[in-house]
Structure formats: structure tokens, C-alpha cells
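Undergrad: Sharing a structure here in C-alpha cells format.
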Amino acid sequence: MTTLHRVPAARPRTTPWRSWGTFLLLAGPNVALLVLFVYKPLIQNVQYSLLHWNLGSDTATAIGLENYRNYFSDPKTPAVLLTTLVFAVVTVGGCMAIGLALARLLDRELHGRTFVRAAVFAPYVLSGVAVGMCWLFVFDPQYGLVSGLLRGLGLTSPNWYNDPDWALAMVCIVYLWKYVGYVAIIYLAALQSVPGDLLEAAQIDGASPLRTFWSIVFPLLSPTTLFLSVTVFIESNSGGSFDIIRAMTKGGPLEGTTTMVYQVYQEAFVDGSAGYASAIATLLFLGLLAVTLVQMVFVERKVHYR
């Protein structure tokens, strides 16, 4: 008796040109947009940083690295770098800590929690200029809400507008108010994805809520923490801070709130030094890239993916 064996049907082979065609069809538009609106302007910015060029002028002179040498020899540069560093540390650290605390509160059974979640997230979608203009009245030393509360406690309101240190603190507070809701909502989504059986097992073993959070929940939030630390850091050193500073202090007083991103605007569109501003923008990009790479390489080693 002859045994018949079924020959498996041959799988259709995908030709390389068809695979590349599918890739270009799906990814081509996105790649084209990135090249046109991200990489091309970035390369042009580096080219402009090597020129002595005034904004609006038809001529430019190649000067090599002179703009970079001028920036690091400028006596104002250390103060600007320090302001940028302080602003980044305060806003990123504050957003992460306060956002996580808010997410923990919003993750509980609360009456009207949907409304509360929307109210927490609402400042993030508002215009930074509108937020800055409204908070100018809140911090008014004579008629503002903050000064009224301080007078009720028997304290004197700081001179938010004329003291560089207090002006920087004011801008940091407003930035935190606007962006902490974004961090809280992202953390809230991550908290709700933590497996409930792990929490029940910890409770059965007698672990305290604090021990459960630090030993189980927080490590499971590490991918979200890495994502937020990168995105919030980039946002605090880009357009996210510029509009608030522009609306509230215009970099003052005494350049006490002038960060690198605001300095780019001042040099390019106020003083007209487009080549010099491009050099500052290039240095800012390299700094952001370096910090982001450090986060991705070293911090990601401690990330626990489920």
C-alpha cells in the first residue's frame, strides 16, 4: 500500500522591489516631511552659523568658527548657561515629581474624577502667551492674587518683576503649572496598566503601600519615566519655555530669565545677528542631543519592560 504525502504549498516569494515599494509608500511621506522640515533646516542652520550675516541682508561673509569663539568669550554666556541649566533642572524635576504625585491622586476613586482629570490637563493645551499674560496679573506685587495671599499671612510679596532671581522663579512656577498636567496624565495611563495581581500579592505578603509603590509600581513605570524625562527636557529648552518667557519677562530683568532658546530669538530677530544666533541654536541642539543620548544609553539600562 502506497502512502501519499502531501507536499506543502510553496509560499509566495516577495520580490525585493515590491518590499521596497511598500516601504516607500508607507514611510515615504513621513521621511520626506522630516527631511524637508527638520533635517534640511538643521543643516542650513549649521551653514549659517559659519557666516557673518545680518538678518535681511543680501550678503554674508564666511568667518568659520568665529561665531562660536565669540559666544564662549562673551561675558554674558556663563549667566545664560546657568539660567538655562537652573530652569531645565527645576522644570523637569518639578514636572516629574508633581506629575507623578498628581497621577497617584487621580488614580483613586474620587467623585467627579473625570472633571478633575480634564481640569489638570487643560493648562497644557492653552497658549503659552495667554498663560503668561494671565499669570502676570496673578504675580502683580500690589493687586495680584499671590501678593494678596502673602499679605493675609503677614508677609511681603517679592518683587517678581525687578528681581532676577524671583523673576526666574516666577517663570518656573508658570511653566510647571502649564506642563505638569501632561506628565500627570501620561503617568496616570501607566499606573492603570500596572497588573493588579502584583499589587494583590504584595498586599497579601504584608507590604506597606509605600513599599509596594517603590518596589513594584515605580520600577514598572520606568519606561514612562524615561519617555517623559526626554520629552519634558526637550520641551523646556525649546518653544515650550520661549512663549512664557516672552510674554512675562522678555528675558529680563537684567537678563535674569534669558535662556539659550530665548537668546536665539533676541540675537536673530531683535539684534539682527542671524549668523551668531544660528551658532547659539547649533550649540543648544548639540547640548540637547548629548543629554538625550545620555538618557537613552545610561538611564535605559535601569528601565524594566513588562
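Undergrad: Give me a count of the residues in segment 52-68 that are under 30 Å from the mean Cα position of the chain (by Cα) and surrounded by 15 or more Cβ atoms within 10 Å (Cβ to Cβ).
TA: Final tally of qualifying residues: 2.
Undergrad: Additional query: Restricting to segment 247-302, and then to whatever is closer than 18 Å to residue 55 by Cα and of a type in the set (D, E, K, R), can you tell me which residue is modelled with the highest pLDDT?
TA: 267
Undergrad: I'd like the full set of residues that are part of a helix (DSSP H, G or I) and not polar (S, T, N, Q), limited to segment 212-223.
TA: Passing the criteria: 213, 214, 216, 217, 218, 219, 220, 223.
Undergrad: Would you mind listing the helices (runs of 4 or more DSSP H) fully within segment 14-125 where at least 1 residues are of a type in the set (A, V, I, L, M, F, W, C) and more than 27 Å from residue 178 (Cβ to Cβ)?
TA: Result: 16-34, 40-48, 66-73.
Undergrad: Let me ask something else. Within segment 181-195, how many residues are open to solvent by less than 20 Å² (accessible area, probe 1.4 Å), of a type in the set (A, V, I, L, M, F, W, C) and in contact with a Gly (Cβ under 8 Å, 6 or more places away or on another chain)?
TA: Selection size over segment 181-195: 2.
Residues are listed down the side, and each one gets a yes or a no for (1) outside any loop (DSSP other than H, G, I, E, B); (2) among the polar types (S, T, N, Q); (3) surrounded by 17 or more Cβ atoms within 10 Å (Cβ to Cβ):
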| site | (1), (2), (3) |
| --- | --- |
| 197 | yes, no, no |
| 206 | no, no, no |
| 210 | yes, no, no |
| 225 | yes, yes, yes |
| 235 | yes, no, yes |
| 241 | yes, yes, yes |
| 251 | no, no, yes |
| 254 | no, no, no |
| 258 | no, yes, yes |
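Undergrad: I need a count of the residues in segment 122-136 that are loosely packed, with under 11 Cβ neighbours inside 10 Å and either among the aromatic types (Phe, Trp, Tyr) or more than 26 Å from the chain's Cα centre (by Cα) (or both).
TA: 0
Undergrad: Going by what's in this entry, would residue 183 be described as touching a Lys or Arg at 6+ places or on another chain (Cβ under 6 Å) and part of a helix (DSSP H, G or I)?
TA: No: the conditions fail for residue 183.
Undergrad: Pairs under 9 Å by beta carbon, first residue farther than 23 Å from residue 130 by Cβ and surrounded by 18 or more Cβ atoms within 10 Å (Cβ to Cβ) in segment 147-174, partner at pLDDT 90 or above and of a type in the set (Gly, Ala, Ser), six or more apart or different chains?
TA: From residues that are farther than 23 Å from residue 130 by Cβ and surrounded by 18 or more Cβ atoms within 10 Å (Cβ to Cβ), the pairs are 158/169.
Undergrad: Considering only segment 99-121, state which residues are out of contact with any helix residue (DSSP H, G or I) (no Cβ under 6 Å at 6 or more places or on another chain) and surrounded by 11 or more Cβ atoms within 10 Å (Cβ to Cβ).
TA: Answer for segment 99-121, where residues must be out of contact with any helix residue (DSSP H, G or I) (no Cβ under 6 Å at 6 or more places or on another chain) and surrounded by 11 or more Cβ atoms within 10 Å (Cβ to Cβ): 101, 104, 105, 110, 113, 116, 118, 119.
Undergrad: What number of residues within segment 69-93 are in contact (Cβ under 8 Å) with a residue 60 or more places away in the chain and surrounded by 13 or more Cβ atoms within 10 Å (Cβ to Cβ)?
TA: Within segment 69-93, residues that are in contact (Cβ under 8 Å) with a residue 60 or more places away in the chain and surrounded by 13 or more Cβ atoms within 10 Å (Cβ to Cβ) number 13.
Undergrad: Okay, moving on. For segment 186-195, enumerate the residues that are of a type in the set (A, V, I, L, M), assigned to a helix (DSSP H, G or I) and farther than 15 Å from residue 119 by Cα.
TA: Passing the criteria: 189, 190, 191.
The values are calculated or read from the model by the stated rules, or taken from the named source; none is laboratory data. Quick caveat: nothing in here was measured; it's all calculated off a predicted structure. Cβ: placed from backbone, ideal geometry, glycine included. Neighbour counts: every protein chain shown. Ligands, DNA and RNA are excluded from the accessible area calculation, which covers all protein heavy atoms including side chains. Shrake-Rupley method; radii C 1.70, N 1.55, O 1.52, S 1.80 Å.
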